[in-house]
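Below is one structure, written out as C-alpha coordinates; the observations come after it.
The values are calculated or read from the model by the stated rules, or taken from the named source; none is laboratory data. Being a predicted model, the structure only gives us computed values, none of them experimental. Note that each Cβ is placed from the backbone with ideal geometry, even for glycine, and that neighbours are counted across all protein chains shown.
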(Lines give C-alpha, C1' and ligand atoms only; values in the text may rest on other atoms or scores of the structure.)
Protein backbone atom coordinates (compact mmCIF):
# COMPACT_ATOMS: atom_id res chain seq x y z
CA UNK A 1 0.00 0.00 0.00
CA UNK A 2 1.03 3.63 -0.44
CA UNK A 3 1.53 5.83 2.61
CA UNK A 4 2.77 9.39 3.07
CA UNK A 5 4.80 10.39 6.11
CA UNK A 6 5.31 13.91 7.45
CA UNK A 7 8.00 15.14 9.79
CA UNK A 8 8.99 18.50 11.25
CA UNK A 9 11.84 18.04 13.70
CA UNK A 10 12.93 19.85 16.85
CA UNK A 11 15.20 22.12 14.80
CA UNK A 12 12.03 23.57 13.25
CA UNK A 13 13.62 24.10 9.83
CA UNK A 14 10.63 22.94 7.81
CA UNK A 15 8.59 19.90 6.78
CA UNK A 16 9.67 16.74 5.00
CA UNK A 17 7.13 14.54 3.23
CA UNK A 18 7.81 11.05 1.87
CA UNK A 19 5.80 8.62 -0.23
CA UNK A 20 6.45 5.04 0.80
CA UNK A 21 5.25 1.70 -0.46
CA UNK A 22 4.99 -0.75 2.42
CA UNK A 23 2.88 -3.53 3.87
CA UNK A 24 3.97 -2.64 7.42
CA UNK A 25 6.19 -5.71 7.73
CA UNK A 26 9.91 -5.83 8.43
CA UNK A 27 10.74 -6.86 4.89
CA UNK A 28 8.99 -4.55 2.46
CA UNK A 29 9.53 -0.80 2.09
CA UNK A 30 10.14 1.13 -1.12
CA UNK A 31 10.95 4.81 -1.54
CA UNK A 32 8.48 6.34 -3.99
CA UNK A 33 9.46 10.01 -3.70
CA UNK A 34 9.74 12.93 -1.31
CA UNK A 35 9.21 16.67 -1.01
CA UNK A 36 10.29 19.37 1.42
CA UNK A 37 9.05 22.76 2.53
CA UNK A 38 11.31 25.22 4.37
CA UNK A 39 9.76 27.41 7.03
CA UNK A 40 9.91 31.15 6.58
CA UNK A 41 12.09 32.85 9.23
CA UNK A 42 8.94 34.44 10.69
CA UNK A 43 7.27 31.08 11.22
CA UNK A 44 10.38 29.61 12.84
CA UNK A 45 10.21 32.42 15.40
CA UNK A 46 6.50 31.83 15.93
CA UNK A 47 7.05 28.11 16.49
CA UNK A 48 9.90 28.78 18.91
CA UNK A 49 7.72 31.28 20.73
CA UNK A 50 4.94 28.69 20.96
CA UNK A 51 7.41 26.15 22.31
CA UNK A 52 8.56 28.65 24.93
CA UNK A 53 4.98 29.45 25.98
CA UNK A 54 4.08 25.77 26.38
CA UNK A 55 7.25 25.07 28.35
CA UNK A 56 6.53 27.99 30.67
CA UNK A 57 3.23 26.32 31.56
CA UNK A 58 4.79 22.83 31.91
CA UNK A 59 2.73 21.46 29.04
CA UNK A 60 -0.62 22.91 30.11
CA UNK A 61 -2.03 23.92 26.72
CA UNK A 62 -4.99 25.87 28.11
CA UNK A 63 -2.73 28.03 30.26
CA UNK A 64 -0.25 28.45 27.41
CA UNK A 65 -3.03 29.65 25.11
CA UNK A 66 -4.41 32.05 27.72
CA UNK A 67 -1.02 33.57 28.52
CA UNK A 68 0.45 33.34 25.04
CA UNK A 69 0.80 37.07 24.29
CA UNK A 70 2.79 37.74 27.46
CA UNK A 71 4.91 34.60 27.08
CA UNK A 72 5.73 35.45 23.48
CA UNK A 73 6.92 38.92 24.42
CA UNK A 74 9.10 37.42 27.14
CA UNK A 75 10.55 34.97 24.62
CA UNK A 76 11.52 37.77 22.24
CA UNK A 77 13.09 39.77 25.06
CA UNK A 78 15.03 36.95 26.68
CA UNK A 79 15.89 34.60 23.83
CA UNK A 80 16.59 37.19 21.12
CA UNK A 81 17.56 40.08 23.40
CA UNK A 82 15.34 42.45 21.42
CA UNK A 83 15.28 46.01 22.81
CA UNK A 84 11.92 47.42 23.82
CA UNK A 85 11.82 49.88 20.93
CA UNK A 86 11.93 46.98 18.46
CA UNK A 87 9.55 44.65 20.29
CA UNK A 88 6.24 46.15 19.14
CA UNK A 89 7.35 46.27 15.52
CA UNK A 90 8.55 42.64 15.60
CA UNK A 91 5.28 41.41 17.14
CA UNK A 92 3.25 43.35 14.56
CA UNK A 93 5.36 41.90 11.75
CA UNK A 94 4.90 38.33 13.02
CA UNK A 95 1.18 38.78 13.62
CA UNK A 96 0.68 39.87 10.00
CA UNK A 97 2.41 36.67 8.92
CA UNK A 98 -0.38 34.49 10.37
CA UNK A 99 -3.73 34.05 8.59
CA UNK A 100 -6.36 36.31 10.11
CA UNK A 101 -3.67 38.44 11.77
CA UNK A 102 -4.20 36.51 15.00
CA UNK A 103 -1.21 35.93 17.28
CA UNK A 104 -2.26 32.88 19.27
CA UNK A 105 -1.32 29.28 19.90
CA UNK A 106 -4.39 28.11 17.97
CA UNK A 107 -3.49 30.26 14.96
CA UNK A 108 0.05 28.85 14.91
CA UNK A 109 -1.32 25.29 15.10
CA UNK A 110 -3.77 25.95 12.25
CA UNK A 111 -1.07 27.47 10.08
CA UNK A 112 1.34 24.61 10.80
CA UNK A 113 -1.34 22.09 9.85
CA UNK A 114 -2.10 24.01 6.64
CA UNK A 115 1.58 23.91 5.68
CA UNK A 116 1.67 20.15 6.22
CA UNK A 117 -1.31 19.82 3.88
CA UNK A 118 0.46 22.00 1.33
CA UNK A 119 3.59 19.83 1.27
CA UNK A 120 1.48 16.68 0.81
CA UNK A 121 -0.36 18.18 -2.16
CA UNK A 122 2.95 19.18 -3.71
CA UNK A 123 4.27 15.64 -3.21
CA UNK A 124 1.21 14.13 -4.90
CA UNK A 125 1.74 16.43 -7.88
CA UNK A 126 5.45 15.70 -8.00
CA UNK A 127 4.95 11.91 -7.95
CA UNK A 128 1.85 11.95 -10.21
CA UNK A 129 -0.24 10.17 -7.58
CA UNK A 130 -3.98 10.54 -7.10
CA UNK A 131 -4.96 10.99 -3.45
CA UNK A 132 -7.33 8.03 -3.82
CA UNK A 133 -4.27 5.81 -4.18
CA UNK A 134 -2.96 6.83 -0.74
CA UNK A 135 -4.02 4.62 2.15
CA UNK A 136 -2.93 6.88 4.99
CA UNK A 137 -0.89 9.93 5.96
CA UNK A 138 1.36 9.60 9.01
CA UNK A 139 1.46 13.08 10.57
CA UNK A 140 3.99 13.47 13.35
CA UNK A 141 3.30 17.14 14.08
CA UNK A 142 5.59 19.62 15.84
CA UNK A 143 7.05 18.53 19.18
CA UNK A 144 6.73 21.31 21.74
CA UNK A 145 7.21 19.72 25.17
CA UNK A 146 8.27 16.20 26.05
CA UNK A 147 8.46 15.11 29.70
CA UNK A 148 7.70 11.39 29.91
CA UNK A 149 8.35 11.26 33.67
CA UNK A 150 5.27 13.49 34.05
CA UNK A 151 3.43 11.43 31.38
CA UNK A 152 3.26 14.50 29.12
CA UNK A 153 4.16 14.81 25.44
CA UNK A 154 2.82 17.84 23.57
CA UNK A 155 2.96 17.67 19.77
CA UNK A 156 1.10 20.44 17.90
CA UNK A 157 -0.94 19.53 14.85
CA UNK A 158 -4.62 18.98 14.06
CA UNK A 159 -5.13 15.50 12.60
CA UNK A 160 -8.78 16.09 11.77
CA UNK A 161 -8.05 19.39 10.01
CA UNK A 162 -5.38 17.71 7.89
CA UNK A 163 -7.62 14.73 7.02
CA UNK A 164 -10.40 17.10 5.97
CA UNK A 165 -8.01 19.24 3.92
CA UNK A 166 -6.48 16.27 2.07
CA UNK A 167 -9.43 13.90 1.84
CA UNK A 168 -7.10 11.12 3.08
CA UNK A 169 -7.16 9.28 6.45
CA UNK A 170 -4.53 10.62 8.85
CA UNK A 171 -2.76 8.94 11.76
CA UNK A 172 -1.11 11.22 14.32
CA UNK A 173 -0.51 11.39 18.08
CA UNK A 174 2.01 8.58 17.85
CA UNK A 175 3.62 9.05 21.26
CA UNK A 176 0.77 9.36 23.78
CA UNK A 177 0.08 5.67 24.35
CA UNK A 178 3.78 4.95 24.84
CA UNK A 179 4.16 7.74 27.40
CA UNK A 180 0.92 6.79 29.19
CA UNK A 181 2.27 3.25 29.58
CA UNK A 182 5.48 4.44 31.22
CA UNK A 183 7.63 4.63 28.11
CA UNK A 184 9.92 7.49 27.11
CA UNK A 185 7.85 8.26 23.99
CA UNK A 186 11.07 8.40 21.93
CA UNK A 187 12.90 7.51 19.83
CA UNK A 188 10.40 6.09 17.32
CA UNK A 189 12.81 5.57 14.44
CA UNK A 190 14.37 2.20 15.42
CA UNK A 191 11.83 -0.17 13.84
CA UNK A 192 12.25 1.59 10.52
CA UNK A 193 16.03 1.68 10.85
CA UNK A 194 15.84 -2.10 11.39
CA UNK A 195 13.85 -2.57 8.18
CA UNK A 196 16.44 -0.69 6.13
CA UNK A 197 19.34 -2.52 7.76
CA UNK A 198 17.68 -5.91 7.20
CA UNK A 199 16.95 -5.16 3.55
CA UNK A 200 20.53 -4.13 2.89
CA UNK A 201 22.32 -6.64 5.11
CA UNK A 202 23.88 -3.84 7.21
CA UNK A 203 23.93 -5.54 10.62
CA UNK A 204 25.52 -4.86 13.11
CA UNK A 205 25.21 -1.11 12.72
CA UNK A 206 24.70 2.10 14.68
CA UNK A 207 22.27 4.52 13.04
CA UNK A 208 22.69 8.03 14.43
CA UNK A 209 20.03 10.64 13.77
CA UNK A 210 21.13 14.21 14.40
CA UNK A 211 18.42 16.86 14.49
CA UNK A 212 17.83 19.29 17.33
CA UNK A 213 18.36 16.24 19.55
CA UNK A 214 20.59 13.31 18.61
CA UNK A 215 19.60 9.68 19.05
CA UNK A 216 21.21 6.35 18.29
CA UNK A 217 19.72 3.03 17.17
CA UNK A 218 22.06 0.15 17.88
CA UNK A 219 21.13 -2.89 15.78
CA UNK A 220 23.16 -5.84 17.05
CA UNK A 221 21.12 -8.65 15.49
CA UNK A 222 18.12 -9.32 13.26
CA UNK A 223 15.45 -9.74 15.96
CA UNK A 224 13.32 -6.88 17.28
CA UNK A 225 14.64 -7.77 20.75
CA UNK A 226 18.15 -6.88 19.54
CA UNK A 227 17.23 -3.20 19.14
CA UNK A 228 18.56 -0.66 21.63
CA UNK A 229 17.83 3.03 21.12
CA UNK A 230 17.82 6.29 23.08
CA UNK A 231 18.46 10.02 22.88
CA UNK A 232 22.19 10.65 23.34
CA UNK A 233 22.12 14.39 23.93
CA UNK A 234 22.14 17.52 21.77
CA UNK A 235 22.23 17.42 18.02
CA UNK A 236 22.09 20.97 16.65
CA UNK A 237 19.73 22.24 19.34
CA UNK A 238 22.27 24.07 21.51
CA UNK A 239 24.24 25.33 18.51
CA UNK A 240 21.07 26.73 16.91
CA UNK A 241 20.08 28.43 20.16
CA UNK A 242 23.49 30.01 20.56
CA UNK A 243 23.53 31.36 16.99
CA UNK A 244 19.99 32.75 17.36
CA UNK A 245 20.98 34.55 20.55
CA UNK A 246 24.28 35.92 19.25
CA UNK A 247 22.69 37.20 16.01
CA UNK A 248 19.43 38.52 17.49
CA UNK A 249 17.43 35.94 15.55
CA UNK A 250 18.87 36.94 12.17
CA UNK A 251 20.52 33.52 11.85
CA UNK A 252 19.13 30.23 13.13
CA UNK A 253 22.06 27.79 12.73
CA UNK A 254 25.76 27.41 12.09
CA UNK A 255 25.10 26.77 8.42
CA UNK A 256 27.63 24.35 6.94
CA UNK A 257 29.69 24.76 10.11
CA UNK A 258 31.07 28.08 8.91
CA UNK A 259 31.52 29.45 12.45
CA UNK A 260 32.77 26.21 13.94
CA UNK A 261 35.35 25.78 11.17
CA UNK A 262 36.91 29.09 12.20
CA UNK A 263 36.88 28.32 15.93
CA UNK A 264 38.87 26.30 18.43
CA UNK A 265 37.49 23.83 20.96
CA UNK A 266 37.82 25.14 24.51
CA UNK A 267 38.63 22.09 26.64
CA UNK A 268 37.54 23.69 29.94
CA UNK A 269 34.16 24.78 28.55
CA UNK A 270 33.70 21.36 26.92
CA UNK A 271 34.26 19.73 30.31
CA UNK A 272 31.75 22.13 31.88
CA UNK A 273 29.18 21.24 29.21
CA UNK A 274 29.46 17.57 30.13
CA UNK A 275 28.98 18.46 33.79
CA UNK A 276 26.25 21.10 33.64
CA UNK A 277 24.33 21.44 30.37
CA UNK A 278 22.00 18.42 30.62
CA UNK A 279 20.70 18.28 34.18
CA UNK A 280 17.27 16.65 34.15
CA UNK A 281 15.26 16.07 37.34
CA UNK A 282 18.37 16.93 39.33
CA UNK A 283 20.56 14.31 37.61
CA UNK A 284 23.08 14.49 34.81
CA UNK A 285 21.29 13.01 31.81
CA UNK A 286 24.55 11.97 30.19
CA UNK A 287 25.26 9.59 33.08
CA UNK A 288 21.79 8.00 33.14
CA UNK A 289 21.22 4.54 31.72
CA UNK A 290 18.70 4.10 28.89
CA UNK A 291 15.85 3.93 28.15
CA UNK A 292 15.82 7.70 28.19
CA UNK A 293 14.64 10.62 26.07
CA UNK A 294 15.16 14.37 25.98
CA UNK A 295 13.06 17.47 25.49
CA UNK A 296 14.81 20.30 23.66
CA UNK A 297 14.30 22.41 26.79
CA UNK A 298 16.31 19.96 28.90
CA UNK A 299 19.50 21.23 27.25
CA UNK A 300 21.02 24.45 28.55
CA UNK A 301 23.62 26.90 27.26
CA UNK A 302 25.99 27.27 30.19
CA UNK A 303 27.41 30.66 31.31
CA UNK A 304 30.97 29.54 30.48
CA UNK A 305 30.10 29.88 26.78
CA UNK A 306 29.60 33.63 27.19
CA UNK A 307 33.36 34.21 27.40
CA UNK A 308 33.96 32.54 24.02
CA UNK A 309 33.70 34.06 20.58
CA UNK A 310 30.85 32.82 18.42
CA UNK A 311 33.34 30.75 16.43
CA UNK A 312 34.93 29.08 19.47
CA UNK A 313 31.54 28.52 21.11
CA UNK A 314 30.22 26.77 17.99
CA UNK A 315 33.34 24.63 17.67
CA UNK A 316 33.05 23.60 21.33
CA UNK A 317 29.33 22.80 21.09
CA UNK A 318 29.90 20.82 17.89
CA UNK A 319 32.57 18.73 19.64
CA UNK A 320 30.15 18.25 22.54
CA UNK A 321 27.47 16.87 20.22
CA UNK A 322 29.88 14.41 18.59
CA UNK A 323 31.41 13.21 21.86
CA UNK A 324 28.09 12.69 23.64
CA UNK A 325 26.99 10.42 20.77
CA UNK A 326 30.08 8.21 21.02
CA UNK A 327 30.28 8.22 24.82
CA UNK A 328 26.65 7.13 25.06
CA UNK A 329 27.54 3.58 24.05
CA UNK A 330 29.72 3.28 27.17
CA UNK A 331 26.54 3.41 29.24
CA UNK A 332 25.33 0.10 27.81
CA UNK A 333 28.83 -1.35 27.57
CA UNK A 334 28.32 -1.83 23.86
CA UNK A 335 31.16 -2.65 21.53
CA UNK A 336 31.57 -0.01 18.84
CA UNK A 337 29.89 -1.47 15.73
CA UNK A 338 31.97 -1.60 12.53
CA UNK A 339 29.42 0.49 10.58
CA UNK A 340 27.91 3.86 11.51
CA UNK A 341 25.18 5.44 9.36
CA UNK A 342 24.43 9.13 9.86
CA UNK A 343 20.92 10.49 9.24
CA UNK A 344 19.22 13.82 9.91
CA UNK A 345 19.82 17.44 9.03
CA UNK A 346 22.46 17.93 11.72
CA UNK A 347 25.04 16.17 9.57
CA UNK A 348 24.93 19.05 7.09
CA UNK A 349 27.30 20.56 9.65
CA UNK A 350 30.63 18.96 8.64
CA UNK A 351 32.36 19.99 11.87
CA UNK A 352 30.21 17.58 13.89
CA UNK A 353 30.87 14.72 11.47
CA UNK A 354 34.62 15.34 11.35
CA UNK A 355 34.87 15.33 15.14
CA UNK A 356 32.73 12.19 15.38
CA UNK A 357 34.91 10.34 12.89
CA UNK A 358 38.11 11.50 14.59
CA UNK A 359 36.91 10.32 18.01
CA UNK A 360 35.65 7.01 16.61
CA UNK A 361 38.97 6.18 14.96
CA UNK A 362 40.81 6.92 18.19
CA UNK A 363 38.54 4.68 20.27
CA UNK A 364 37.83 1.79 17.92
CA UNK A 365 39.92 -1.34 18.25
CA UNK A 366 39.23 -2.24 14.62
CA UNK A 367 38.43 -0.10 11.59
CA UNK A 368 35.10 1.69 11.63
CA UNK A 369 33.23 2.78 8.52
CA UNK A 370 31.16 5.96 8.77
CA UNK A 371 28.63 6.62 6.01
CA UNK A 372 26.09 9.35 5.50
CA UNK A 373 22.65 7.82 4.86
CA UNK A 374 22.88 8.73 1.18
CA UNK A 375 26.26 7.03 0.91
CA UNK A 376 24.64 3.92 2.40
CA UNK A 377 21.94 3.96 -0.28
CA UNK A 378 19.27 5.40 2.01
CA UNK A 379 17.42 8.66 1.32
CA UNK A 380 18.61 11.09 3.99
CA UNK A 381 16.15 13.82 3.00
CA UNK A 382 13.19 11.47 3.20
CA UNK A 383 14.13 9.13 6.05
CA UNK A 384 12.51 10.93 8.98
CA UNK A 385 9.24 11.31 7.06
CA UNK A 386 9.43 7.70 5.82
CA UNK A 387 9.50 6.55 9.43
CA UNK A 388 6.01 7.95 10.03
CA UNK A 389 4.69 6.68 6.72
CA UNK A 390 5.78 3.22 7.87
CA UNK A 391 4.48 3.62 11.42
CA UNK A 392 1.10 4.91 10.20
CA UNK A 393 0.56 1.68 8.28
CA UNK A 394 1.60 -0.34 11.34
CA UNK A 395 -0.79 1.72 13.48
CA UNK A 396 -3.70 0.84 11.16
CA UNK A 397 -2.65 -2.81 11.51
CA UNK A 398 -2.38 -2.56 15.31
CA UNK A 399 1.29 -3.58 15.14
CA UNK A 400 3.96 -2.37 17.59
CA UNK A 401 5.49 1.06 17.08
CA UNK A 402 7.81 0.94 20.10
CA UNK A 403 9.56 -1.76 22.11
CA UNK A 404 11.03 -2.25 25.59
CA UNK A 405 14.52 -1.77 24.15
CA UNK A 406 13.68 1.45 22.33
CA UNK A 407 11.43 3.50 24.62
CA UNK A 408 11.28 1.37 27.76
CA UNK A 409 7.63 0.38 27.46
CA UNK A 410 6.78 -2.77 29.43
CA UNK A 411 5.81 -4.63 26.25
CA UNK A 412 5.70 -3.95 22.50
CA UNK A 413 3.19 -1.12 22.01
CA UNK A 414 1.09 0.13 19.12
CA UNK A 415 -0.22 3.69 19.09
CA UNK A 416 -1.53 6.60 17.05
CA UNK A 417 -4.98 8.09 16.50
CA UNK A 418 -6.76 7.73 13.16
CA UNK A 419 -8.80 10.58 11.65
CA UNK A 420 -11.04 10.01 8.65
CA UNK A 421 -12.01 12.92 6.36
CA UNK A 422 -15.29 14.58 7.33
Sort out which residues of the range 91-129 are in a loop (DSSP other than H, G, I, E, B) and within 28 Å of residue 30 (Cβ to Cβ), and write them in order of number. 128, 129
Residue 339 vs. criteria surrounded by fewer than 19 Cβ atoms within 10 Å (Cβ to Cβ), at pLDDT 95 or above, on the phi < 0 side of the Ramachandran plot and in contact with a strand residue (DSSP E or B) (Cβ under 8 Å, 6 or more places away or on another chain): yes
Please tell me if residue 299 is at pLDDT below 95 and either under 17 Å from residue 234 (Cα atoms) or outside the structural domain of residue 181 (by TED's automatic domain parsing) (or both). no
Hey, residue 155 hits all of (1) surrounded by fewer than 24 Cβ atoms within 10 Å (Cβ to Cβ); (2) over 14 Å from the mean Cα position of the chain (by Cα); (3) in contact (Cβ under 8 Å) with a residue 12 or more places away in the chain but one; which does it fall short on? (2)
Residue 257, sole failed condition from (1) buried (at least 23 other Cβ atoms within 10 Å of the Cβ); (2) under 22 Å from the mean Cα position of the chain (by Cα): (1)
Go through the range 68-86 and count every residue that is closer than 23 Å to residue 144 by Cβ and part of a helix (DSSP H, G or I). 13
Of the residues in the range 225-239 that are in contact with a helix residue (DSSP H, G or I) (Cβ under 7 Å, 6 or more places away or on another chain) and part of a helix (DSSP H, G or I), the one that is surrounded by the most Cβ atoms within 10 Å (Cβ to Cβ) is 239
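Results for (1) touching a helix residue (DSSP H, G or I) at 6+ places or on another chain (Cβ under 9 Å); (2) assigned to a loop (DSSP other than H, G, I, E, B); (3) crowded, with 24+ Cβ neighbours inside 10 Å, shown as yes or no for each residue.
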{"site": "161", "(1), (2), (3)": "yes, no, no"}
{"site": "168", "(1), (2), (3)": "yes, yes, no"}
{"site": "174", "(1), (2), (3)": "yes, yes, yes"}
{"site": "193", "(1), (2), (3)": "yes, no, yes"}
{"site": "198", "(1), (2), (3)": "no, no, no"}
{"site": "207", "(1), (2), (3)": "yes, no, yes"}
From the option list 419, 390, single residue qualifying as in the same structural domain as residue 10 (by TED's automatic domain parsing) and surrounded by 15 or more Cβ atoms within 10 Å (Cβ to Cβ) is 419
Check residue 375 against each of (1) surrounded by 13 or more Cβ atoms within 10 Å (Cβ to Cβ); (2) under 29 Å from residue 12 (Cα atoms) and name the one condition it does not meet. (1)
Does residue 45 satisfy being surrounded by 14 or more Cβ atoms within 10 Å (Cβ to Cβ), touching a helix residue (DSSP H, G or I) at 6+ places or on another chain (Cβ under 8 Å) and not in a helix (DSSP H, G or I)? no
Any idea which of (1) at pLDDT below 95; (2) within 18 Å of the chain's Cα centre (by Cα); (3) closer than 23 Å to residue 393 by Cβ is the one residue 200 doesn't satisfy? (2)
Check the range 272-280 and report whether any residue there is buried (at least 22 other Cβ atoms within 10 Å of the Cβ) and in contact with a helix residue (DSSP H, G or I) (Cβ under 6 Å, 6 or more places away or on another chain). yes
Quick check on this structure: which one of 45, 94, 19 is within 18 Å of the chain's Cα centre (by Cα) and touching a residue at least 12 places away in the same chain (Cβ under 8 Å)? 45
